[in-house]
Every structure is written in structure tokens, then in C-alpha cells.
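Here the structure comes first, spelled out in C-alpha cells, and everything after it is commentary.
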Amino acid sequence: MPKRYLICTFLLLAGIWGFGIPGLQPVYAQETATVFPEDDPLRMVVEPIQLGIDKFSARIEQIKASGREPLGLVLTGGSARAYAHIGVLETLEAEGIRPDFIVANSMGALIGMLYSAGVSPQTIRQIVETTPPEQYLDIVMPTKGGLLDSSSFSAMIRSLVGDIDLADTPIPIIVTAEDLKTRRQVELAEGDFPRVIAATFAMPAIFEPVSLGDLLLIDGGVANLAPVAIAARYSSLLIVSTALYNREMSFGNPLTVINRAIDIGKTRNGMEDILAVQPMVIRNEVEDVSYMAFSEPELVIELGRKSAAASLEGIKARLPEAAAGRAPDPVLEAKRQAYAVSIPARMAELSHGALPACAPRWSFRPILKVADDFEPEPMALSGQAFAGISLYGASGRTRYGFSALYGMGQDAGRQWGLSAQSLFNPVGTLRLSGALRLWGDFVPLSSYVFDPESLEALAVVEWSSLGPEFTLSPRGSMDATMDVDNGSLAWVARLGLSARLQRAGDDQRLFFPFVQAYAGMFADSAAGILRYGPEAVAKLGISRSDLGAVRLRGRLRYDIQGLPLGLESSDSFRGVLPTGSSDCVGVANSEIVWFARALECSLGEMLLVKDIELGPYFDCAWAGSASTLNPDAFAAGLTLSLSASISGLKPFELSVFGGIGGSGDFVLGLRQGRLF
């Protein structure tokens, strides 16, 4: 081909490329603004949603107008490690270093919000040490995005601090959350105080997301553990208290890999903020503490106090003279004095059975009873393992529910159950509860599928005094069962008084005693015979937190008419029950246990096994023997008790025991809960 034709061909192709023809136009990279217009949801992901920021900013401007730079405090997330912030606040306040505003997220927001509301660090310490959060977190069916419902926790916070709005706290505060609907960060400086707290620590998939207006919020720490950049918008004078995680991990476990994958982004973003802003930093020495250590607040708080003390010299060197040695604000001090009286009083009621007032709500909850309790509560399921589901409701200080039960042991007459139950706390610690349960068996499909066998009615009235170390608790209960087929009625009633004396403390040089006693009357009409008389239970022991405990227990029942009584599984004899009967029966239990903290472990930082007690036991039982020194049965062996929990919350307690009885019988038992 002549050279001129090659040149013409090249020019023609260049023209087509440059100017295009239909169907052959070149593809250029389009402008970002064209691809993602202003109202595009994906473009808006990077824009935070701000609630109450104008009022927050105005309060900060008032401080600047007075002629000084406001001091900001950033409290990072870190789950249970965030308890270290309490020790930090105690240390800073002792030096007169008081923040003008706070920015926080996740569990750091829980501490920061209580502090901003006017609760002193000492009172916050009381709250986390005496009111474990797991008591107010309910396991639910995951129909709303989580396994735990925090509604009761929000109600508990409301009962402590009252109805307040985040915008009205004495110390202005911003907390962060993430909105699931828009995928935008949410900066909250206003909103219902307890609801905002629940949103800030709502770990994805663990807690149900919290609705706030049109938003559906989760833990802000999933995106950034240290929201320093937000605080830097309002001041150049910042202190950051960290609760980061830097523990050795084995990545052979998929759960560990998932946890680390989630941690990478939020820790990286937080560190980028810290390194970019260069604030004063208190690096709390909690980085090897499990995020599930909610039952060890004293340890974590002390680590925070020590870390802050070690950082004080460097902080004071960077602070202006006016920022240290400041007196507390009068409005804040008045709040603190009021809370210092009201919060401990309310916590005492809650810890002794009072219910926090809840907004009306319904939820589906799973029921799983794997074994009998050692000493069943009057309304507890017993006799076999049960599984089921409950439609649970709450309103004010009333709880109610409807349950469907499946008896996994297939005991005759109780293969299935339908139940309606309620609990009412009218005043103080007075609790009234009741239930109606219809029990039956499954029958062939050719007949009725469900065959009702009995109708059971239960009622309990109980109250507790509020002593921190000595408690009195009267209680009355009734359990009546009617046979559906023949109309016969059997019932058992109890009326008694419990007393408990326990010295609290964690001094590892001392042994702390405890004494618990119950005395009352029982009456029952089993087999159509009325039996009644006194009964008593006594427990005592001594323990040391770094070693273990020595414990003794005795239980006795006596029929006034001299009618025969037999031992039952609820008498808690850890052996083969003797078959004899007498007008007086009893059980004695003894054990020496080691607090096996060395055996505590976690599975992928999700399932935590702790509070392990291991040691030998020796039990005796009397059911007809005429001699106290000659029991009808005895058993000796080893007992193991432990607590298992998901993410360190809502523990589930189990006890296993195994040994040999007096006649050479081997015993292996499983109970829910602990004997002591």
C-alpha cells in the first residue's frame, strides 16, 4: 500500500476517534458530580446527620466569648474497657481539670453522657459496680436485627437520671451513632437521654438497633472508635482518653477473624484522627483486657486511674493556666448533690427486686431450660428440660407474657404446655406474680393432636428490705394443679422469711463471711393427704476473692402430724435420693471450691466462660433414719460451676457434679444455677 494511503487511513481514524460517529463515540470518564448528583444516597453517605449541633455550638461559642479556649474531652469506645474512663475522670477532677464539652461514642458515650448529665465519677462507679448491665438486657428472637433487647436497660437509666434531653445536660456533649437506613454517621447533641445511650452501644447483630425518629441507629464505634475530628471542630485544646484493643489473637478461629475484620476499620479511622489532630492523650493500659470484662469494673477503673495519673505531668504542661484548678460549675454541682442521694437509693431498690418503668412494648423471646435449678423459684419450670417461645410484653412496672412450651424429656402429662404469666411491682420492692399453665400430652393425629391433662395456677407475693449487707425477704407462694379428667386438686403452699448477711469486698488478704437463712411453713395436699409443718434452710461460708470458698448448707422439713415426707430433687442432694420416708427429712451439703480464674476462656471473643468454681463436695441425706449420725445416703465427688455469656452479657449459669454414693452408685448431675 502506498505510504500516502497509510497516512490518510490514520487521519480518518483519528477524526472518528476525536469527533465520533453514531455508535462509535469514545468513552470518557464522567465527572463525579454527574455520576453521583447532590441528592444521590451514595454521595450523601459521607455527609453526617447532625441533631442539636446548633445549640451545642452556641454553648461552645459562649465559652470562647469569655476569653478562653474550651477544653474538650474525647472518650473512645471499647466495650467493657471503657470503664477505664471513670478512673480517668476521677483523676482529672482531683487536679481541677474539668472539660467544657465532651465527644464520645460506644461505651465511652455511656460514661460521658452520665458525666455530662451531672453524675459524679464516684456515683458512676457505684452504678457500674452494683448494677450489672446484663440484668437489664433481654435475650430475644432476632426478628428486629439483634439478639439482645436493651429496652429494660433504657428504662433503668431513666429511673436513675429522670426524663432529660441530651441538649439540656450541664456539660454539652456530642455522641456518635451510625444510621442503618442511610449509612450516614449521626452526631447527636439532642434526643431522649436513655434512648440515645442505648443507640450508642448497640453493637451490630448483638443488640437490636434503636429507632430515633426516622433513624435506625447502631453503635457509632463500628466506624470510628475515637471521634477526635468532631471535637477538633470546636477547640484546639483536647484530651483523649482511649480504650483501644491490642490483644494477642489466634486467627485460626473464624469468629476471631470476623472480630478483627470489624476492628480494623474503626481502629484505623480512630488512630488517623488522633495522629492528625495531635491532642493530649491518656492511653489507658487496658489494651489486653477483654472487651467482655463487664463483671470486672473495679479492675478496669483502677487501670484507668493509674493511666491518667501517669499522664498528668504531660497534660498539665500543655494546658493553659486557666484550665487547671477550676472550681466546679454551681449548676453542675447542684445536680451532682441531688444525684448522689437519689441514684444510690434507686439502685438499692432495683438490686432488691424493683422494676424500672418501661414504655409499652412486645417481643418474642426464646425459652430454654436445660435442667432444674438447685433451689427452684416458686414459678420456675422443673422436672425436665423445656424449650419454647414467649410473646413477652412490658408496660410501666408490669411484665406479662404468653408462652408455648415443649417438654424435651417427654414426661407424661407435661409433653407440652401453654402459659400466661404476669409480674407487677406496685411500689418499692413489692412484687406480685402469677401464672396459669395448661399441660398435656401429644396424641396420634387420628385423635386430637393436643390432649390437655392438667391446669396449674401459681401465685407469689414477695418483698425485700434494702440493706446493703443485711437483707430480709418475706415471701408467700401457692401452686395448685387440677386434673382435667377427674377434677382432683393438688396444691402446695409456702410462707416464710429469708435473711442474708454478706460482707462485700475484694481485699485479697481477707476472708469474707456470708450467712443466709430461711424459715417458714409449708402445706401440701399430695395424694389427698394434708401435710404441714415447719421448714428451714441455712447456708454459711467464708471466701477470699483470689483463692476460693468453704461452704455449708442444711435443709430440714418436719410434718407436725407425724405424716411421712420424702426427699425431692429440690432438696439439692447431689447423690441418689433415698427412697425412705419420715416425718422429718433433711439434707446437708458441704464443699470446698477453688475460684479457677486460670481456666477462664473465650471462644473467638464472642462466647465467654468465666466465674469457674471447682472443688470436692460431700453431701448427706436423712429420710427415715433415726440417728443424726447415721444418714440414709451420702455422696462425695467433684463439683464444677461456671457462667457462660455472649459478648460478656446475659450470663447463663450451669453446675455439673459427679461422684459416688454410699452404696457405690455413680452419680452425674447437671443443674441450672449454683447451689451457693
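Using unit Cβ charges (K, R positive; D, E negative) and no other charged atoms, how large, in debye to the nearest 20, is the dipole of the range 396-541 about its Cα centre?
Dipole magnitude for the range 396-541 comes out near 700 debye.
Using the Cβ-Cβ distance between residue 517 and residue 449 with R0 set to 51 Å, the FRET efficiency works out to roughly 0.60. With bins 10 Å wide beginning at 0, the percent of Cα pairs of the range 546-676 falling in each bin runs 13, 37, 28, 15, 6, 1. For the range 146-199, the Cβ-based charge dipole about the Cα centre amounts to some 200 debye (Lys, Arg positive; Asp, Glu negative; other atoms uncharged). Over the C-alpha atoms of the range 396-459, the Rg to Rh ratio, Rh being the Kirkwood estimate, stands at 1.14. Across the alpha-carbon atoms of the range 574-647, the computed radius of gyration and Dmax are 17.7, 55 angstrom. Dividing the summed -39500 (n - 2.57) terms of all DSSP H runs of n ≥ 4 by the residue count of the chain sets its mean residue ellipticity at 222 nm at -7500 deg cm²/dmol.
Remark: the range 520-607 carries 45 Å² of accessible area per residue (probe radius 1.4 Å; ligands, DNA and RNA excluded). Using a probe of 1.4 angstrom and keeping all protein chains present, the accessible surface of the range 128-249 works out to 33 square angstrom per residue.
Projecting the Cα atoms of 616, 33, 186 onto the charge dipole of the chain, computed from C-beta unit charges around the Cα centre, puts 33 farthest toward the positive end.
Highest mean first, the peptides 187-197, 422-432, 141-151, 291-301 sorted by other C-beta atoms within 10 Å per residue fall in the order 187-197, 291-301, 141-151, 422-432. Per residue, the convex hull spanned by the alpha carbons of the range 609-676 comes to 93 Å³.
Under the 0.36 nm per residue contour assumption, what length would be gained going from the current alpha-carbon distance of residue 168 and residue 42 to full extension?
42.0 nm
Measuring with a 1.4 angstrom probe and ignoring ligands and nucleic acids, residue 483 comes out at about 50 Å² accessible. In the range 134-202, one over the average inverse separation of all distinct C-alpha pairs is 13.2 Å, which is the Kirkwood hydrodynamic radius.
Taking the inverse of the mean reciprocal distance over all distinct Cα pairs, the Kirkwood hydrodynamic radius of the range 373-491 comes to 16.0 Å. For the residues 617, 245, 400, a 1.4 Å probe over the protein chains yields an accessible-area ranking, largest first, of 400, 245, 617. Model label sites at residue 412 and residue 247, defined 7 Å from Cα along the beta-carbon direction, differ in position by 5.1 nm.
The simple Förster model, with R0 at 60 Å and r as the Cβ-Cβ distance, assigns residue 58 and residue 627 a FRET efficiency of 0.10. Placing +1 at every Lys and Arg Cβ and -1 at every Asp and Glu Cβ, with all other atoms neutral, what dipole size does the chain have around its Cα centre, in debye to the nearest 20? The calculated dipole for the chain is roughly 1080 debye. The equivalent ellipsoid of the range 179-325 has semi-axes of 27, 22, 15 Å, largest first, where each one is the square root of 5 times an eigenvalue of the Cα gyration tensor. Here the alpha carbons of the range 23-176 define both size measures, Rg and Dmax, at 21.3, 76 Å. Dividing the convex hull volume of the alpha-carbon atoms in the range 68-156 by its residue count gives 107 Å³ per residue.
Full-extension gain between residue 488 and residue 599, please, as 0.36 nm times their residue separation minus the C-alpha to C-alpha distance.
Separation in residues times 0.36 nm, less the Cα-Cα distance, equals 34.8 nm.
Tell me which of 382, 461, 103 sits at the most positive position along the dipole axis of the chain, charges placed on C-beta atoms (Lys, Arg +1; Asp, Glu -1). Value: 103.
Legend: calculated FRET efficiency, residue 285 to residue 205, from the Cβ-Cβ distance at R0 = 25 Å, rounded to 0.05, equals 0.25.
So for the chain, considering every pair of alpha-carbon atoms, how many percent are separated by more than 38 Å? Here the tail beyond 38 Å accounts for 47 percent of pairs. Here the accessible area is traced with a 1.4 Å probe on the protein chains. For the range 624-674, carbon and sulfur cover 64 percent of it.
Across the range 404-418, coupling constants 3J(HN,Hα) worked out from phi with the 6.51/-1.76/1.60 Karplus curve, θ = phi - 60°, read 10, 10, 10, x, 5, x, 6, 5, 4, x, 9, 6, 9, x, 10 Hz, and Gly and Pro carry x.
Once neighbouring chains are kept in place and the probe is 1.4 Å, which whole percent of the accessible area of the range 224-305 is contributed by carbon and sulfur? Within the range 224-305, the accessible surface is 54 percent carbon and sulfur. Taking 0.36 nm per residue of sequence separation and removing the Cα-Cα distance, the residue 579/residue 33 pair yields an extension gain of 188.1 nm. Take the Kirkwood radius over Cα pairs of the range 250-409, plug it into Stokes-Einstein at 4 °C and 1.567 mPa s, and you get 58 µm²/s for translational diffusion. Projecting the Cα atoms of 284, 367, 259 onto the dipole axis of the chain, where Lys and Arg carry +1 and Asp and Glu carry -1 at the beta carbon, places 284 farthest toward the positive end. What net charge is computed for the residues neighbouring residue 184, neighbours being all others with C-beta under 14 Å from the C-beta of residue 184, Lys and Arg scored +1, Asp and Glu -1? Summing Lys/Arg as +1 and Asp/Glu as -1 gives -4.
Peptides 89-96, 583-590 ranked from most to least packed by the mean count of surrounding Cβ atoms within 10 Å: 583-590, 89-96.
The values are calculated or read from the model by the stated rules, or taken from the named source; none is laboratory data. These figures come from a predicted structure and were not determined experimentally. Glycine also receives a Cβ, built like all others from the backbone with ideal geometry; neighbour counts cover every protein chain displayed. Areas reflect the complete protein model, heavy atoms only, side chains present, ligands, DNA and RNA absent. Shrake-Rupley method; radii C 1.70, N 1.55, O 1.52, S 1.80 Å.
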